[in-house]
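A quick write-up on the structure given underneath.
What follows draws every value from the coordinates through simple rules; no lab data is involved. None of these values were measured; they are calculated from a predicted model. Cβ coordinates were reconstructed from backbone atoms using ideal geometry, including for glycine residues, and neighbour counts include every protein chain displayed.
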Amino acid sequence: MPAASADIIRQLQREILPLQGFKPPTAGRAVDFHLGPLEAAFPNHRFPTGAVHEFISQTRQQSAATHGFLGGLLAPLLKNGGVCLWIGGNRSVFPPGFPIYGVSPDRVLFLDLPKEKDRCWAMEEALKCEALTAVVGEISEISFTDSRRLQLAVEQSRVTGMLLRHAPRTLGTVASVARWEIIPLPSEPEEGLPGIGFPRWQTTLLKVRNGRPGSWVVEWSAGRFQFPEQAAQAAGLHGQGVALALGSQNIAPPAPRIAASVPLPAVRAPHKRRTG
């Protein structure tokens, strides 16, 4: 492809992305979600704020895992005094668990509405309010028209919307920048410590507008998202590099350490009784 044509295509992509909800953050207001390799799936290599994200869950376990993952996303959004409005029907979320993910419970307001059509209307009106930083709405069934109204609202206010769809009858087409699925995984306990490890999820981007869907193992530890598989690969490459360096210098690697240094008692040979 000629260089001139490639430049024209890149310019068109930069002009189209803001129209699809991928607007660059305002200067000085960029948020670091510590999503590492996952952010490369988005067109601008950055988690889109001021847009609507869709989260799909089929079981109660997946729903609880999604709430935990959302806590990790809300933490950087609300760290500078922002406020989130959580619109639900039966208050299944557990607010005292938010501090685990760095979210102060008093930064989250709850609105309980039993009917989904009321929750949809309330979410649209809340997304128009620039005083809010994020809005979470538990709406299982939503039409494309209603979701488009949510997207139009965030394009004006730059509020981030999280649409939670638990056990929807049909997925359909929704005007969101990304469709997520969060599945809980067994945690890895810390070496030498009792109990369970940190929260861990199989995080899948089922659909990304103008992006690359994919799946990652994500863990919440040390107050941020971590990617244990990438960390293990990096550690393996580092070990290989050390081995190659030692080999090129003809230096023997250090002998492995023995965990127990307590001397063992001497074993005497059995005394033989003389006969005759």
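Sequentially through region 177-192, phi angles give Karplus couplings (6.51, -1.76, 1.60; θ = phi - 60°) of 7, 7, 10, 10, 9, 10, 10, x, 10, x, 7, 9, x, 5, 4, x Hz, Gly and Pro residues having no value and appearing as x. The order of the peptides 209-221, 103-115 by mean Cβ neighbours within 10 Å, most packed first, is 209-221, 103-115. Under 12 Å of direct C-alpha separation, and excluding same-chain neighbours fewer than eight residues apart, Lys128 reaches these aspartates and glutamates: Glu155. Less than 5 angstrom separates the built amide H of Gly214 from those of Leu205, all sequence-distant by 5 or more or on a different chain.
Taking a ≥ b ≥ c as the square roots of the Cα gyration tensor eigenvalues, with a/c under 1.5 meaning rounded and otherwise prolate when a/b beats b/c, else oblate, which class fits region 84-220?
Details: a/c = 1.97, a/b = 1.45, b/c = 1.36.
Prolate, since a/c reaches 1.5 and a/b exceeds b/c.
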